[in-house]
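See structure below.
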Amino acid sequence: MISTLVACVLTSSLAALLVVAERYLANYGSCRIDVNAAAKVIEVQGGDSLLMALRAGGIFIPSACGGRGTCAYCKVKVLSGLGPVGPTEQPMLSGDEIASDIRISCQCKVRNDLAVEIPRTLLEVKAYTGVVRQIRDLTRDIKELRIRLTDPPTIDFVPGQYVQLEVPAYGDSRESMFRAYSLSSTPSDEGWIELIIRLVPGGICTTWLFTVLAEGQKVTFTGPFGSFHLSQENTEMIWIAGGSGMAPFWSMIRQMKQTGNARPCTYFFGAVERRDTFFLDELRTMERQLEWFTFIPALSGEADDDWTGERGLITEVVDRHVSEGSAAEAYLCGGPGMIDAAIKILRTKGFTDDRIYFDKFE
Amino acid sequence: MRQSPQESRIMELMAPGVLCREGFLGHDRRPLVGILDADRLAVAALGLSHEELAGLLQEVLSAAMDALGRTVEAGRGLTAVYREAMGRIPCPFGHGGMFPKGQVELSDAISGMNILFTPLSVHLIGAHGFYQGLGARYRIEPADIAEILKPGRTRL
């Protein structure tokens, strides 16, 4: 019994010593990270994770968990310079990904020169700081944040793209984290961004946003990310959203109005109860002003007698209103359940998969 | 009862502020192995298995998820609703897999009992026999699952 205990203590002490030595004593010297066949070369001090090394070099890979190896978002193609896939990466990579040299960048240490391949769009992502100027309740569990950019003072983005907001360590959380939120502002609102955020019960990040973050507070974020945006086509389109899935469409419709883009569009917006809806008056006003725009809100739960919108699940409402879509495009934003169900309906209406675009909240 | 380094690592991931704000352990001060053992005995005393209890919850979860936010009748006096939430959460036992962050509210109008659980809760029970620590937001007593979802009660 005593010898087992002694062995356990010795092993634990040795392991701890190795971690400390690795952290403070190991010197890997300067390492080069070759990005996209020398399109960019980053010199870093070895020892950091690939995610942090790239970040230090101004390349921001999407990551939600702050480098703990739990979100699996920070996948990067590593062409050379890394050893075999580690045990902390293995569960988060498919066989195809491993065969394609994809790695979980927060779990890979930079110990020598590396060559990586990163999508070009990610090379344009920047880090921003701003100050929260307004926090507005849109519903019982959805808030709108209006942020004044300070450095850099402006951001270029396309409606539909998102940013990753940094949530600093607070309360019991010991490390900062990032969460992705669609931009709901328009690019013409220069120097500002707006985000629409729904509370996740028990969530670390949205709890901070709802209970700690205050007007006047500095925030940092990276972006813009994402390929969810309107195509260059001029065909008819339908939009389907639920809850905070409103964000990209709120940006798109206002930009279309500003730029005189009169592409025919029907917007289906679903909520459970009346108190879960927002921007209804604004969108109905737009519907009256813009002959090419139709707005169809729907409630799936109890609705008052004076509710003038549709009733039923948004997928049922789409089913009732849309007859044929083989030449149209569909854009969807919201939870995976709604999106998966809506796609099934759209296929029955003739929408082809290459004309169905979605931003799924997962 | 001594914990293995792996169990200690799992408990670190279950602490508040790591994977979710409140963590998975509530005010429970028992080591992980103690929590698992106690619930294993409780389930055995019911004459059931973790897989069976997880299976009952899974049926309710699937029906509620399919209803896309509408309340479904899960049985006599039983209603369930799934509230979707943005994002996914990994299993703290660390074998991969990400689970939607939404939650099911299962209400029993007869007993007045309410059970709150998530897709991850169902996985933790079925795959690991982990019902979460006492006082945790999503702690479910095995006996409560067995009582609410007993044979003949559900309609799913």
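The values are calculated or read from the model by the stated rules, or taken from the named source; none is laboratory data. Given the structure is predicted, the values throughout are model-derived calculations rather than measurements. Counting neighbours? That spans all protein chains shown, and the Cβs are built from the backbone with ideal geometry, glycine included.
Some observations on this one:
- Within the stretch A:197-241, the set of residues being outside any loop (DSSP other than H, G, I, E, B) and of a type in the set (A, V, I, L, M) comprises A:ILE197, A:ILE204, A:LEU209, A:VAL219, A:MET237, A:ILE238, A:ILE240, A:ALA241.
- Residue match in the stretch B:80-87 (condition: surrounded by 15 or more Cβ atoms within 10 Å (Cβ to Cβ), among the acidic types (Asp, Glu), touching a residue at least 12 places away in the same chain (Cβ under 8 Å) and more than 28 Å from A:LEU93 (Cβ to Cβ)): no
For every residue, the table says whether it meets (1) without any contact (Cβ under 8 Å) to a residue 12 or more places away in the chain; (2) outside any loop (DSSP other than H, G, I, E, B).
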position	(1), (2)
A:MET286	no, yes
A:THR294	no, yes
A:ALA298	no, yes
A:ASP306	yes, no
A:ARG347	yes, yes
A:ASP359	no, yes
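- Residue match in the stretch A:209-227 (condition: surrounded by 14 or more Cβ atoms within 10 Å (Cβ to Cβ), within 14 Å of chain B (Cβ to nearest Cβ) and in contact with a strand residue (DSSP E or B) (Cβ under 7 Å, 6 or more places away or on another chain)): yes
- Subset of the stretch A:260-312 (residues that are within 20 Å of A:ASP141 (Cα to Cα), among the small types (Gly, Ala, Ser) and loosely packed, with under 13 Cβ neighbours inside 10 Å): none
- Taken over the stretch A:253-275, residues that are farther than 22 Å from A:HIS321 by Cα and of a type outside the set (S, T, N, Q) amount to 5.
- Positions within the stretch A:133-159 being within 17 Å of the chain's Cα centre (by Cα) and over 13 Å from A:ILE193 (Cα atoms), in sequence order: A:ILE142, A:LYS143
- For first residues located in the stretch B:105-122 and more than 17 Å from B:GLY75 (Cα to Cα), partners that are buried (at least 24 other Cβ atoms within 10 Å of the Cβ) and hydroxyl-bearing (Ser, Thr, Tyr) and lie 6+ apart or on another chain with Cβ distances below 9 Å form the pairs B:SER121/B:TYR131.
- Within the stretch A:322-348, considering residues that are closer than 13 Å to A:MET237 by Cα and touching a strand residue (DSSP E or B) at 6+ places or on another chain (Cβ under 9 Å), the one nearest to the other protein chains (Cβ to nearest Cβ): A:LEU332
- Residue match in the stretch B:95-115 (condition: more than 14 Å from chain A (Cβ to nearest Cβ), modelled with pLDDT of 90 or more and within 21 Å of A:THR70 (Cβ to Cβ)): no
- Here A:LEU199, A:LEU195 are screened, and the one residue that is within 23 Å of A:ASP359 (Cα to Cα) and modelled with pLDDT of 95 or more is A:LEU195.
- Within the stretch A:181-203, the set of residues being on the phi > 0 side of the Ramachandran plot and within 14 Å of another protein chain (Cβ to nearest Cβ) comprises A:GLY202 only.
- Every pair of residues 6+ apart whose Cβ atoms lie under 8 Å, when the first sits in the stretch A:51-70 and is within 14 Å of chain B (Cβ to nearest Cβ) and within 16 Å of B:MET98 (Cβ to Cβ) while the second is at pLDDT 90 or above and assigned to a loop (DSSP other than H, G, I, E, B): A:PRO62/A:CYS74; A:SER63/A:CYS74
- Residue in the stretch A:132-141 that is surrounded by fewer than 18 Cβ atoms within 10 Å (Cβ to Cβ), in contact with a Pro (Cβ under 8 Å, 6 or more places away or on another chain) and either farther than 29 Å from B:MET14 by Cβ or not aliphatic (A, V, I, L, M) (or both) present: no
- Test: residue in the stretch A:171-181 that is touching a strand residue (DSSP E or B) at 6+ places or on another chain (Cβ under 7 Å) and polar (S, T, N, Q): yes
- Test: B:SER62 is under 16 Å from the mean Cα position of the chain (by Cα) and either more than 9 Å from every other protein chain (Cβ to nearest Cβ) or part of a loop (DSSP other than H, G, I, E, B) (or both): yes
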